[in-house]
Amino acid sequence: MPGIIMVRTPYQELLSKANRSSKKSLDLLAEIIKSPTVVPRDKKGLQECAETLEGQFEDHGYKVMQFGSPPVVYAEKNVGAKQTLMCYHHYDVQTEGDLNLWKSSPWKLTVRGGRAFGRGAVDDKGPCVASLVGFDIIEESLGELPVNAKFVVEGEEEWSSEVLAQFEKKHGDLMKADGCVWETLSATHASTTEMFAGMKGDLSIRLSVGDSPEYPKYDVHSGSAGAIPSAPWRLVQALKTLKDEDDNITIDGVRKRIRKPTKEDIESLRNYKGNIGQKLKANYGLRRFLKNRDGVSLLKALYLDPSLSINGLESGSLGEVHSTIVPAKAMAKLDLRLVPDMHADEMAKLLRAHLNKRGFKDVNVYAAGYDAAKTPLTDPFIKLVMEAAREVVGPAPCNLLPMMSGTGPAYLFEKHAPFCIGYSYVDIDKVYEHGPNENVPIHSMVNNSAFVATIAERLGDS
């Protein structure tokens, strides 16, 4: 209002409170790390973790409900504020893999070298705790929450999010908010930071040949190859029709479904001051990128364009012993990363029609996935987040990008709330997400909590 000067809690004060709360954060995290939560393996652990989360939220004054199995844990603290800030998190995790590669148990939070180790520490049990503590901090600072707080915490993000989809269908009204923190929303002083206003969708595809009268029941001696239909050759021929040598997806009708980027989307790429290209080359030992992409063309491929990848191929014998056979079966797993207006169900139908048109009716198709989701870069919540982040991270650059290259069930939230995910480079250094010795730097949890607190305060003031 004219004549009123808005006084906000100094960020350093929030950061100090978050530092003092770090032991509390680690204690909360230890309680949920100890439950193995790999879907579909750990049914008991998933339920135990959901109940632990329910107890933690209730202890912090939230009303809580569980829905489905593995449960979606919904928590709400309605203080009668005009604005509502929601947080999406998940408590399911990737498998621990080879235990011999872990320096400590993946199911017992272990602190060493300023980092907290355990499966889910960074994806996504740690950020869930950081968000909860962030609301505590701003409530303590102001004497009351400046916004209504909501949490939607699911147990199937790494699998399918089917229960979350059912929850949204039945309780979509509970997901309405003026802003949504998606998993991690953090910013660290003097560290290059990236904020994303969307996530690509993903269609997981399995193509298979065999198990039909057109192909042998068993692998056949390759001396008979002139008479035996080859499942792997047939599969390779089908795969060749899906993408050309210039990396263009050639499935009939797909390119027409791609939404044209906005001028703000393209401008965000032109203004980019990060070094994702250098990081990718360093991490994977690359000399150059596909099609020699760089600059805006590289960013557009990563953050705005769809992609089609072969994840794996399986057929016949690949061992040291040379088996001279015509394999009876062949399978390929692929994923199609989707951008807005490329709907997963429609893409699956287009793929089937594309193969049929070219005579590949014998190639079996299984496809399932979810759509992309994107908040306009001009949305007030995105502007609010960016203003706060730039103040925190300066003099380092803070980049705003249209979408992450990764995926998640954000499409279920898109119509209910604008959402944002973000982090500073220092937050993701050597965290080994999905790998052995997954960890979260303690300073990262502290910054995460402080930043959620300042976003809650600023949203409440808006």
Report task. Six or more apart or on different chains, Cβ under 8 Å: which pairs go from a residue in segment 344-363 that's under 16 Å from Leu334 (Cα atoms) and assigned by TED's automatic domain parsing to the domain that holds Lys240 to one that's assigned to a helix (DSSP H, G or I) and among the small types (Gly, Ala, Ser)? Could you list them? Result -> Leu355/Ala238; Val363/Ala238
**Report entry** Among (1) of a type in the set (D, E, K, R); (2) within 25 Å of Gly97 (Cβ to Cβ); (3) free of Cβ contacts under 8 Å to residues at least 12 places away in the same chain - the single one Arg20 does not satisfy
**Finding:** (2)
Report task. Mind counting the residues in segment 362-392 that are at pLDDT below 95 and surrounded by fewer than 20 Cβ atoms within 10 Å (Cβ to Cβ)? Result -> 1
**Report entry** Breaking point among (1) in contact with a helix residue (DSSP H, G or I) (Cβ under 9 Å, 6 or more places away or on another chain); (2) surrounded by fewer than 20 Cβ atoms within 10 Å (Cβ to Cβ), for Pro395
**Finding:** (1)
**Report entry** Out of Leu164, Leu174, sole residue that is more than 20 Å from the chain's Cα centre (by Cα) and of a type outside the set (Val, Ile, Thr)
**Finding:** Leu174
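Every residue, every condition in (1) surrounded by 24 or more Cβ atoms within 10 Å (Cβ to Cβ); (2) without any contact (Cβ under 8 Å) to a residue 12 or more places away in the chain; (3) of a type in the set (Ser, Thr, Tyr), yes or no:
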{"site": "Pro71", "(1), (2), (3)": "no, no, no"}
{"site": "Tyr74", "(1), (2), (3)": "no, no, yes"}
{"site": "Met86", "(1), (2), (3)": "yes, no, no"}
{"site": "His89", "(1), (2), (3)": "yes, no, no"}
{"site": "Lys103", "(1), (2), (3)": "no, no, no"}
{"site": "Thr110", "(1), (2), (3)": "no, yes, yes"}
{"site": "Arg115", "(1), (2), (3)": "no, no, no"}
{"site": "Cys128", "(1), (2), (3)": "yes, no, no"}
{"site": "Gly134", "(1), (2), (3)": "yes, no, no"}
Report task. Output the number of the condition that Leu145 fails; it satisfies all remaining conditions of (1) under 18 Å from Ala177 (Cα atoms); (2) buried (at least 24 other Cβ atoms within 10 Å of the Cβ). Result -> (2)
Report task. Can you give me the number of residues within segment 303-326 that are within 37 Å of the chain's Cα centre (by Cα) and either of a type in the set (D, E, K, R) or more than 24 Å from Ala373 (Cβ to Cβ) (or both)? Result -> 10
**Report entry** Selected residue (criterion: surrounded by the most Cβ atoms within 10 Å (Cβ to Cβ)) from residues of segment 230-275 that are among the hydroxyl-bearing types (Ser, Thr, Tyr) and part of a loop (DSSP other than H, G, I, E, B)
**Finding:** Ser230
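For every residue, the table says whether it meets (1) under 25 Å from Lys17 (Cβ atoms); (2) aliphatic (A, V, I, L, M).
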position	(1), (2)
Ser69	no, no
Asn78	yes, no
Leu85	yes, yes
Leu99	no, yes
Trp107	no, no
Gly118	yes, no
Cys128	yes, no
Ser141	yes, no
Report summary line: Screening Ala187, Ala227 for residues that are in a loop (DSSP other than H, G, I, E, B) and crowded, with 22+ Cβ neighbours inside 10 Å leaves only Ala187
Report summary line: Within segment 190-213, residues being of a type in the set (Ser, Thr, Tyr) and either part of a loop (DSSP other than H, G, I, E, B) or crowded, with 23+ Cβ neighbours inside 10 Å (or both) number 4
Query raised in the report: Do you know which of the residues in segment 44-60 that are in contact (Cβ under 8 Å) with a residue 24 or more places away in the chain and more than 23 Å from the chain's Cα centre (by Cα) is surrounded by the fewest Cβ atoms within 10 Å (Cβ to Cβ)?
Result: His60
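Restricting attention to segment 400-420, report how many residues are in a loop (DSSP other than H, G, I, E, B) and either more than 16 Å from Leu298 (Cα to Cα) or free of Cβ contacts under 8 Å to residues at least 40 places away in the same chain (or both).
Within segment 400-420, the subset in a loop (DSSP other than H, G, I, E, B) is 402-403, 408, 413-418.
With either more than 16 Å from Leu298 (Cα to Cα) or free of Cβ contacts under 8 Å to residues at least 40 places away in the same chain (or both) added as a condition, the list becomes 408, 413-418.
The qualifying residues number 7.
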Query raised in the report: When only residues in segment 5-55 that are farther than 18 Å from Leu132 by Cβ and hydrophobic (A, V, I, L, M, F, W, C) count, which is modelled with the lowest pLDDT?
Result: Ile5
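Per-residue answers, yes or no, for (1) in contact with a helix residue (DSSP H, G or I) (Cβ under 6 Å, 6 or more places away or on another chain); (2) of a type outside the set (Phe, Trp, Tyr); (3) farther than 26 Å from Pro397 by Cα:
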position	(1), (2), (3)
Leu132	no, yes, yes
Glu140	no, yes, yes
Gly143	no, yes, yes
Val152	no, yes, yes
Glu162	no, yes, yes
Glu168	yes, yes, yes
Thr193	yes, yes, no
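Going by the structure shown, is Ser309 surrounded by fewer than 16 Cβ atoms within 10 Å (Cβ to Cβ), touching a residue at least 24 places away in the same chain (Cβ under 8 Å) and under 28 Å from Pro376 (Cα atoms)?
In short, yes.
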Report task. Please go through segment 199-237 and pick out each residue that is of a type in the set (Asp, Glu) and touching a Ser or Thr at 6+ places or on another chain (Cβ under 6 Å). Result -> Asp202
Query - strands (runs of 3 or more DSSP E) fully within segment 43-125 counting 2 or more residues that are in contact with a helix residue (DSSP H, G or I) (Cβ under 9 Å, 6 or more places away or on another chain), charged (D, E, K, R) and assigned by TED's automatic domain parsing to the domain that holds Ser186 - result: 72-77
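The values are calculated or read from the model by the stated rules, or taken from the named source; none is laboratory data. Everything quoted here is computed from the prediction, not taken from an experiment. We place every Cβ from the backbone using ideal geometry, glycine too, and count neighbours over all the protein chains shown.
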